[in-house]
Amino acid sequence: MTSRLTARDLALRYGDRVVSTRLSVDVPDGALTAVVGPNACGKSTMLRALVRLLRPVEGTVTFDGTDIGTIAAKRFARSVAFLPQEPSAPDDIRVRQLVARGRFPHQSLFSGWSEADQEAVTGAMAAAGITDLAERLVQELSGGQRQRVWVAMALAQRTPYLLLDEPTSFLDITHQYQLLALLSRLRDEGRTVIAVLHDVNQACRFADHVIAMRNGAVVAEGAPADIVDAALIKEVFDLPCLVVPDPVTGTPMVVPTVDRGSIA
Amino acid sequence: MSATGTALVLRRGRFSALVERRTLVFTAVMLVLLLALGLTALCYGDGWTSPARVFAALSGQRGGPNVMIREWQLPRVLAAVVFGAALGTAGAVFQNVTRNPLGSPDVIGLDAGAYTGALVAITVLSGTPARLTAGSVLGGLVAAALVYLLAMRGGVSGLRLIVIGIAVNAMLTAVNSWIVLRAELEVAIAAVGWSAGSLNGLGWEQVRIPFCVIAVLLAALVTRAPALHQAALGTEVAVGTGVRTESLQVQLVVIGVGCTATVTAAAGPIVFVALAAPQIGRRLARTSGIGLLPAALTGAVLLQSADLIAQLLLSPVSLPVGVVTTAIGGCYLIWLLSKEVRSG
């Protein structure tokens, strides 16, 4: 397993609140990686550190061996795209305008709007299935449509690396699976995708690599079939469960043993 | 030129740009309006003259009234346009940085701070125009730092910064009154006349330095405009797409304060333009987020209109333009405050 994007011994803090003390992670190249863990376990914080939104107090994040803090902002953004959890759009912005904002790292003051920009925007909207929404105002869209617009914006950035923080959160179940299929396709095209996912079963079905976190530390990482079992789910989520083969894909599937009677 | 939906792709040689149709129409209309207002203002001096005479004067013909038009009306009209554009732009910058339509330099005390700086420059340092400008910019920056530091404690939220800014504004206004009361009579009279914000008596001598400073600041702002618009997507997306938000914010605050303070040094604190121009411009041009160009154009039109009203209302007495903008701005501010408080 090779890894261009790696974190070594990170100490991560928001002010006085310590999230992680010695966090190390290697993002496997060309794979779809899912980060799972309970709420507030430091998944988003780790992602923020990987995209320079949070400066580690100790340790370094490197891309191709270079400390990402020293890489020029636009150059880094041409390699790594990030979609935060709840981005907010300015008033009165149209879908195609918002998607076009993904081209920012490829533009300079006098470069204007190029054929490559247009092609990337058109392609991203098609991939996210929002071509017919192009002229709509973002504020008038439903939560699910809006989420796909943001995904398109990140796609228009045309980066080899794509990091997404809970991209399925506001989507209905159909659109959740459509998005996950899209992420798999991107992986097949050779991109590296890292997504924080809530649903462990979706993570097991779609991801090549799973990183399980708890209390700001990585508990286990590896292929879903190798690491996801009842003991891990108990340790990470404190949830009693059975792990059975997914009837569709054969990947691990978590079936909680909690029923109506056992929740006190 | 080709069209995709409501956007146009303009090509010139190898360069091409994506422009919204509505922005083009808006810009053209505002420019025509500005020319018409400017010409009207040039026609009005002690009394009305014909546009033909104005053109003759501008083309360099000699003669008494022509000199009046060139030496008195022209710098005043240009001042209204340039200062209006500078104030509108400064407002757009601050409303973008604070992400709040109330986050305008005149509301959060930066005009008052610039005026304090200018007053200190006059009363203590016997202000030359350059010292006045420097004192004004310094005062504005100190006020900005004060608001920022006070708002920092316990996290910066949009409305918190605004409320603290309004308090700082009130405090600084009190300080300004105190300085004027303590000053010698002649200085005090000059300071009070100027405190409302006025373009009366501005000649080439007074506007030369401010025009140069504003030109430099606006040029610096143009190079940062794409990043400013990108930052409107929020810190996370902006950083993710390669904007260095922290240094950008500092640069924008310095440019914004520079614009406001330069205008304040030359014409006194002219309120309302910075507050209203970005919002009016945004609604008219229907840009996504608060655009700089619509704000600049709207600011220029607003200040030129206000100055015409100020000259004509109690003619032949010429009111300070700040009185007019305050009167209109007060109503707008009340409306905006009630709307903001309701929406939380």
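Readers should treat all values here as calculations from the given coordinates under stated rules, not as data from a laboratory. Everything quoted here is computed from the prediction, not taken from an experiment. Using ideal geometry, Cβ is built from the backbone for each residue, glycine included, and neighbour counts are taken over all protein chains shown.
Couple of notes before you dig in:
- Relative to its Kirkwood radius, the Cα radius of gyration of the stretch B:6-67 gives an Rg/Rh of 1.27.
- Take every Cα pair under 8 Å whose residues are at least 6 apart in sequence, average their separation, divide by the length of the stretch A:1-147, and the relative contact order is 20 percent.
- Percentage of interatomic Cα-Cα distances in the stretch A:17-159 larger than 24 Å: 41
- For trypsin sites (Lys or Arg not before Pro), the sites in the stretch B:36-106 that DSSP calls loop and that have at most 13 other Cβ atoms within 10 Å are B:R62.
- Dipole magnitude for chain B: computed about the Cα centre from +1 point charges on Lys and Arg Cβ and -1 point charges on Asp and Glu Cβ, it is near 1020 debye.
- Least to most buried among A:L242, B:L302, A:L179 (fewest other Cβ within 10 Å first): A:L242, A:L179, B:L302
- Dividing the C-alpha radius of gyration of the stretch A:181-264 by 2.2 N^0.38 Å, with N its residue count, gives 1.17.
- For the stretch B:29-182, alpha-carbon Rg relative to the globular expectation (2.2 N^0.38 Å, N residues): 1.35
- Among A:K43, A:K74, the order by Cβ neighbours within 10 angstrom, fewest to most, reads A:K74, A:K43.
- Cleavage-rule hits (chymotrypsin sites (Phe, Trp or Tyr not before Pro)) in the stretch A:33-139: DSSP loop, at most 12 neighbouring Cβ within 10 angstrom: A:F110
- Within-14-Å neighbourhood charge of A:H106 [Cβ basis; K, R +1; D, E -1]: +3
- Mean sequence separation of contacting Cα pairs (under 8 Å, at least six apart), scaled by the length of the stretch B:273-337, corresponds to a relative contact order of 27 percent.
- Only Lys, Arg (+1) and Asp, Glu (-1) charged, at Cβ; the stretch A:1-146 dipole about Cα centre in debye: 380
- Area projected by the alpha carbon convex hull of the protein assembly as shown, averaged over all directions, nm²: 32.8
- Our summary gives the stretch B:47-117 a relative contact order of 15 percent, counting only alpha carbon pairs under 8 angstrom and 6 or more residues apart.
- If the convex hull is drawn through the Cα atoms of the stretch B:178-283, its volume per residue in Å³: 141
- Cβ-based net charge around A:G30, under 12 Å, with every Lys or Arg adding one and every Asp or Glu removing one: -1
- Neighbourhood net charge (11 Å Cβ-Cβ; Lys/Arg +1, Asp/Glu -1) for A:I71: +2
- Neighbouring partner chain Cβ atoms per residue of A:105-113, average, 10 Å criterion: 5
- The alpha-carbon of A:K74 sits under 28 angstrom from the alpha-carbons of these lysines, leaving out residues fewer than 8 places away in its chain: A:K43.
- Among the GluC sites (Glu not before Pro) in the stretch A:117-223, those located in a DSSP loop and surrounded by at most 14 other Cβ atoms within 10 Å of their own Cβ are A:E135, A:E189.
- Relative frequency of Cα-Cα separations exceeding 11 Å in the stretch A:148-192, percent: 68
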